[in-house]
Structures are given as C-alpha cells and as structure tokens.
Amino acid sequence: MSDNAVQAFCDRKFGMFIHWGLYALPGGRYKGKTMDCIGEWFQSYFRMPNEEYAKFASKFNPVNFNADEWIRKAADAGIKYIVFTTKHHDGFCMYDTKVSDYNIVKMTPFGRDPLRELAEACRKYNVRLGVYYSHHLDWHEPDGGDPGTELGLNCGSMSWGNDWDFPDRSKKDFSRYFYGKVIPQVTELLTNYGEICELWCDCPMNIKPEFSRALRDLVKKLQPDCMINARIGNGCNDFQGLGDNQLLHSKSTLPIESPGTLNNTWGFKYDDHDWKPAAKVIEQLVSLTEKNANYLLNVGPNALGEFTPETDRIFSEIAEWMHGKEDAIFATRPTPFPQELDFAYCTRKGNQLNFFLRKTPSELKLDGILNRVVRADVEFQQNGETVTLKLPNLSGRTLPLISLEFDGEPRIRQELMPQNGTLLLSATSARIVEGKEARNSEGIEVDEAAIVHEVTNHAKIDRDGTLCDWNNPSDTLEWEISFPEGGNYALSAITQTRWKKQPWSGDRSLTLNWNDQTVCVEELLPETNFPSPYFTKKQSPVGVLHVPAGGRGKLVLQSPEIRSEDAGKINLNSIQISRI
C-alpha cells in the first residue's frame, strides 16, 4: 500500500454508501408483519428459504434507476467516493457476474448491470468507485459462513448464517464457498470495472486468518492501491473502521472511516421515517473531518431505483451548505489543537485554519497561538499568544465558517488549556495509569502478578476514543494542564453507553485532584442529556476548582467506587472544565 493511496483516502473525507438489492422490494414488510431491524437483513429476520426469497428477483425491475442522477446528486453534495453493495449477505449479486446466475442481469426483468453504469457516472463526475462485498456471510450458499450462536445473534434476534435452509453446520465447507465464489467474484470486480478505490468487507465473525490473507493478497495483486476496510478480518486491512453510526471523540492518528445511516436502516424500508436533519448530517461530517476520519453516509434506494424524497431533500440541503466551504473540508488536515474545542470544529489547510462554529458568541478568544495571524474573515486582535475574534451575528446558521490565515503553517501550543474558557479533556489525551488493585469477574481481589494474565478490567481506549472497561477502582487518568486565566472552573464528566440499547448507570464515584485541591462526587447525576439515536450520553457535574492565573498542574481522575455492573460498562467521553 503506497503512502499516496493512504493520503488520497484521507483526502476524500465524504463518501456515499449504497445499500441496494432484492430486499428493497419487500421493504421490511412480509405477510402483514413489519420488521423492526435493518432492512437488508430481511431474509434472516423472516428466516425465508432461498427458494422463496429468489422469487423477488422475477419482480425486481428498477425502471427508474438512473446512475447519472444518483452520482450527480452525490457530487453536488460534495461526495468524493461511493461504495456500492455488489453482494450483500443474501448472496444476490447486483452486477453482471459470470460465477453465479443469481444476479440482477440474469434473474430480473431489469437485465442491466447497475455497477457498470455507476462506474461510468463516477468517471463523468470525478467520483471514485468503491465496492461492498460480503466475503464471509452468504445465505444463498450451503457453505457460506455460519458462526452459529456462539457469537450471539444480530440485533439479538437474527441468525448470522443461513441455519434455516442449511442447519447442519458439520456439512459446511467454507473453503469451497470462498475459493469457488468469493475469489473469482472479487477478481471480476477488480478487473472489469476500472479502478476501485475501496473494497468494503463485512461481518468477518469467525473467519480464519488464511481466508482474510488470501483475499488481501488477491486485492493487492490486482489493484495495489485499493484500500481495504477492517471488516476483512484478522488485521488484513488498510484502514480502521468505526462501528455502524459510531463517531470519534478525539483525533485519530490512523486512517479511519465511520459508516452512518440517514435513518435507522441501511437497506430501504417503507416504515422507517426517522430521518436525520441535514444539519445533523453536516455536523457529523465536520466533526469526523476535524478528527482525521472519513464519513461514509448511506442511502437505501427503493425497488424502483429511486432515492427517497427525504434522501433527496437532505442531499440538496447538504449541497447548499457545502457551497463555498469545499476547501475547508476536502484534502484538509485535522485540528492542530491538542483537544476538541467546544465552540467550533477546526480543520487546517496550508497556512489556514478553518473554524466551523458550534457556538456564535460575539467574541471568541484563542490561546497558545505561536505565530502571526495575517488575515481573518472577521475582525481580530492578536496580543502575544492570544487572538481575539469579534463575530457578527451568525445565529441560526448551520456551522458557519470563519477562516484565519497565518504567516506560515499554524503553530498551536500543545499544552492542554482552556480555549475561550472551556477545556474538553478526552481519554486519548490522558496518561492511563493502571492501579495495582484489580478484581476478577466475581469481584474477588487478585494480586498484581495476576493482573496481566487473569484480569481484563483495566481501563483502555475504545475505537471511538472514549475510555472503556473503566471498572478498576485503582486505575487513574492523568492530564497536564495549564490555565492562562484564573478564576473558578466547573468540572463535569461526560459519559456514554457503548452500544444502542445498553442501560446507562451513574452508580459510581469520581474524584479529581489538581495540585492541592480535590473535588469528588459520590454518584453521577445527569444534568444534561445529549440527544443521540445510537447511545445514551449524559453530562454530570463533579465540582469546582479555584485556579490562579497561569496555574499549572496535573489533573488526576479516579473512580474509587463502582457499585454496579452497569456502571462498570459506561464509557468516559471527556472531562469538561468551564470557567464560571
């Protein structure tokens, strides 16, 4: 993998995922029932035999499909690449494959190859083409991947493999499926459609390393610069991946991508009307951009080959917002500040800093600025390392943009300090110190020598940048911080669940020490609830620090008591310090 390919991936920033297949025809409805899970899992949800599911093909005729229209709408909204589902877990191929007749060209009245038409439209609009291919699960094949129930069920109710048509796992020979279908079909995809920027695999589950490596070797032989996502399994990827609809909470040093939905499903569903506002989609894009991550935003076209009216509206509003802001998004570098700013998302390009304002006060103050501002979109004053910005009335606008140009590449002091009176301390910016006391799963104390081998409950960083497994009372987090301005500062903890339906619990104590001061709280009592469809996120007050101007010191966080299993599963998002 060349450095140029990795940088090109990072520069793209904004992609469009397209989940489209036979499952769009029933749209989540079957025999008077409506599925409450993601639409592309229709066959597994209803445990529909292959013979019956295949009958949808004779009715699948997306006569309104227009690849040019799809890609034009995407390009207008700033999309730089697409990832199209060439084969999902149902095994039905949405391109002209010679390996299996189970495909859109041979089995449907439509009889066309949408992937070829999308490839042509991508070239026209300078959008890169990527492909999704389910390399492990394939419900149509008797030898498709099937981890059984050892790894649980998807969404708590759906089988991963096809155990309704092919219940006897002992008869399944995955290698026969892999080398008979996966390898030749991926060969087709990387040979017949021009340059492929990304291969998106899914649900590796218990796939063996030999198969992940064989697939990677094939990709790099055919298209060395094709980027592979983490769901190929067994560390054979080129970039990291967040979970579905998972966001980052601090900068990533590695190339990473977040796949997200416009409503609650990936494949089209008639009854899912929980659409995100365009402003929310824009905020997620900019938040990921400043943290060095790509946003892969999904659309689920219907059975006629159309985007839903809500999809069109959201993309139109993104396009309107994006106009004039492209240079502050694409091919930018992440925020140079050592922490997330509570008042803005920040990107850098060349000598310019771009601030997408989350708050619009009349004045903003930036500290730790080490070189000279030579131009700004607003009135400014620089005094030493402090830059004060005078803002016009920008209220009511979605993330308004202001840019500052410096006399060289912007240099920011890498000390953690409040900016405009607030400091957000992420877990990734802390030093995690593992305590000597640990408890096993039964709550019995174990000695220090047993920690590495017997206990896995030391705090660590989750892939989204939050602190997880935070259930050892002796573990601490440490930050070195400074305060350019003295005064009273309120401390609060922002915590969140790790997955969608996990219960939130504040049944733990927190202690924060800074120099000779200690503040503590016996129980996390939420003062603010953050709306999120993916996890529960809350902010709880902890106490107040009294800080002299120019004060410096080490802030140490500990959770001396964790009184329930649920409390031990809660992730720490950040510690917020705000000048009162």
Problem - Whichever residue in segment 179-191 is of a type in the set (S, T, N, Q) and either outside any helix (DSSP H, G or I) or free of Cβ contacts under 8 Å to residues at least 40 places away in the same chain (or both) and, among such residues, is surrounded by the most Cβ atoms within 10 Å (Cβ to Cβ) - result: T187
Practice task
Just give me the residues in segment 261-270 being in contact (Cβ under 8 Å) with a residue 60 or more places away in the chain and either of a type in the set (K, R) or open to solvent by less than 10 Å² (accessible area, probe 1.4 Å) (or both), in sequence order.
Solution key: T265, G267, K269
Handout entry: Qualifying residue in segment 210-228 (condition: on the phi > 0 side of the Ramachandran plot and not in a helix (DSSP H, G or I))
Key = no
Exercise for the section: Provide a single number: the residues in segment 295-339 that are in a loop (DSSP other than H, G, I, E, B), within 29 Å of Q7 (Cα to Cα) and in contact with a helix residue (DSSP H, G or I) (Cβ under 7 Å, 6 or more places away or on another chain). Expected result: 9
Problem - Which numbered condition Y125 fails, given (1) open to solvent by 10 Å² or more (accessible area, probe 1.4 Å); (2) more than 26 Å from N294 (Cα to Cα); (3) aromatic (F, W, Y) - result: (2)
Handout entry: So K325, is it surrounded by 18 or more Cβ atoms within 10 Å (Cβ to Cβ), within 19 Å of N354 (Cα to Cα) and of a type outside the set (A, V, I, L, M)
Key = yes
Problem - Positions within segment 529-573 being under 17 Å from E480 (Cα atoms) and aliphatic (A, V, I, L, M), in sequence order - result: L545, V547, A549, L555, V556, L557
Handout entry: Of all residues in segment 152-173 being assigned to a loop (DSSP other than H, G, I, E, B) and small (G, A, S), the one that is surrounded by the most Cβ atoms within 10 Å (Cβ to Cβ)
Key = G161
Problem - Odd one out for G243, checked against (1) under 25 Å from R348 (Cα atoms); (2) within 13 Å of the chain's Cα centre (by Cα); (3) assigned to a loop (DSSP other than H, G, I, E, B) - result: (1)
Handout entry: Flag for L254 being on the phi < 0 side of the Ramachandran plot, outside any strand (DSSP E or B) and touching a helix residue (DSSP H, G or I) at 6+ places or on another chain (Cβ under 9 Å)
Key = no
Completion exercise
Condition set polar (S, T, N, Q) and touching a Cys at 6+ places or on another chain (Cβ under 9 Å), scope segment 329-354, selection farthest from C10 (Cα to Cα): answer is N354
Practice task
Please indicate, with yes or no, whether at least one residue in segment 350-365 is out of contact with any strand residue (DSSP E or B) (no Cβ under 7 Å at 6 or more places or on another chain), open to solvent by 50 Å² or more (accessible area, probe 1.4 Å), acidic (D, E) and farther than 19 Å from H249 by Cβ.
Solution key: no
Practice task
With the condition kept exactly as written, say whether any residue in segment 113-120 is farther than 20 Å from A67 by Cα and either in contact (Cβ under 8 Å) with a residue 12 or more places away in the chain or of a type in the set (D, E) (or both).
Solution key: no
Handout entry: helices (runs of 4 or more DSSP H) fully within segment 16-110 counting 2 or more residues that are open to solvent by 30 Å² or more (accessible area, probe 1.4 Å), of a type outside the set (K, R) and more than 19 Å from Y133 (Cβ to Cβ)
Key = 50-53, 67-76
Practice task
Would you confirm whether any residue within segment 111-119 is open to solvent by less than 50 Å² (accessible area, probe 1.4 Å) and not in a helix (DSSP H, G or I)?
Solution key: yes
Practice task
Assess whether A490 counts as being modelled with pLDDT of 95 or more and among the aliphatic types (A, V, I, L, M).
Solution key: yes
Practice task
Could you please tell me which pairs satisfy a Cβ distance under 9 Å, a separation of 6+ or placement on different chains, a first residue in segment 520-549 that is closer than 14 Å to A567 by Cα, and a second residue that is outside any loop (DSSP other than H, G, I, E, B) and open to solvent by 80 Å² or more (accessible area, probe 1.4 Å)?
Solution key: T536/N529; K537/N529; K538/N529
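The rows are residues; the columns are (1) buried (at least 21 other Cβ atoms within 10 Å of the Cβ); (2) β-branched (V, I, T).
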{"residue": "D274", "(1), (2)": "no, no"}
{"residue": "K280", "(1), (2)": "no, no"}
{"residue": "L341", "(1), (2)": "yes, no"}
{"residue": "V374", "(1), (2)": "no, yes"}
{"residue": "L391", "(1), (2)": "no, no"}
Problem - Matching option when the condition is open to solvent by 10 Å² or more (accessible area, probe 1.4 Å) and part of a loop (DSSP other than H, G, I, E, B), among E409, E405 - result: E409
Fill in the blank from the handout: Scanning segment 526-545 residue by residue, those at pLDDT 95 or above and either in a loop (DSSP other than H, G, I, E, B) or open to solvent by 40 Å² or more (accessible area, probe 1.4 Å) (or both) turn out to be P541, V544
Fill in the blank from the handout: Pairs returned, first residue in segment 223-245 that is closer than 12 Å to N294 by Cβ and open to solvent by less than 10 Å² (accessible area, probe 1.4 Å), second residue that is part of a loop (DSSP other than H, G, I, E, B) and acidic (D, E), beta-carbon separation under 9 angstrom, 6 or more apart or interchain, are M227/D238; N229/D202; N229/D238; L242/D464
Problem - Selection status of R176, of a type in the set (D, E, K, R), touching a residue at least 40 places away in the same chain (Cβ under 8 Å) and open to solvent by 30 Å² or more (accessible area, probe 1.4 Å) - result: no
Completion exercise
With the first residue restricted to segment 502-516 and required to be among the polar types (S, T, N, Q), and the second required to be in a strand (DSSP E or B), Cβ contacts under 6 Å at 6 or more apart or on different chains are T511/C520; T511/Q558; N513/V556; N515/G553
Fill in the blank from the handout: A careful count of residues in segment 549-575 that are under 21 Å from Q339 (Cβ atoms), surrounded by fewer than 21 Cβ atoms within 10 Å (Cβ to Cβ) and not small (G, A, S) gives 4
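The values are calculated or read from the model by the stated rules, or taken from the named source; none is laboratory data. In this text the structure is predicted, and so the values were computed from the model without any measurement. Counting neighbours? That spans all protein chains shown, and the Cβs are built from the backbone with ideal geometry, glycine included. Side chains included, ligands, DNA and RNA excluded: accessible areas come from the protein's heavy atoms. Shrake-Rupley method; radii C 1.70, N 1.55, O 1.52, S 1.80 Å.
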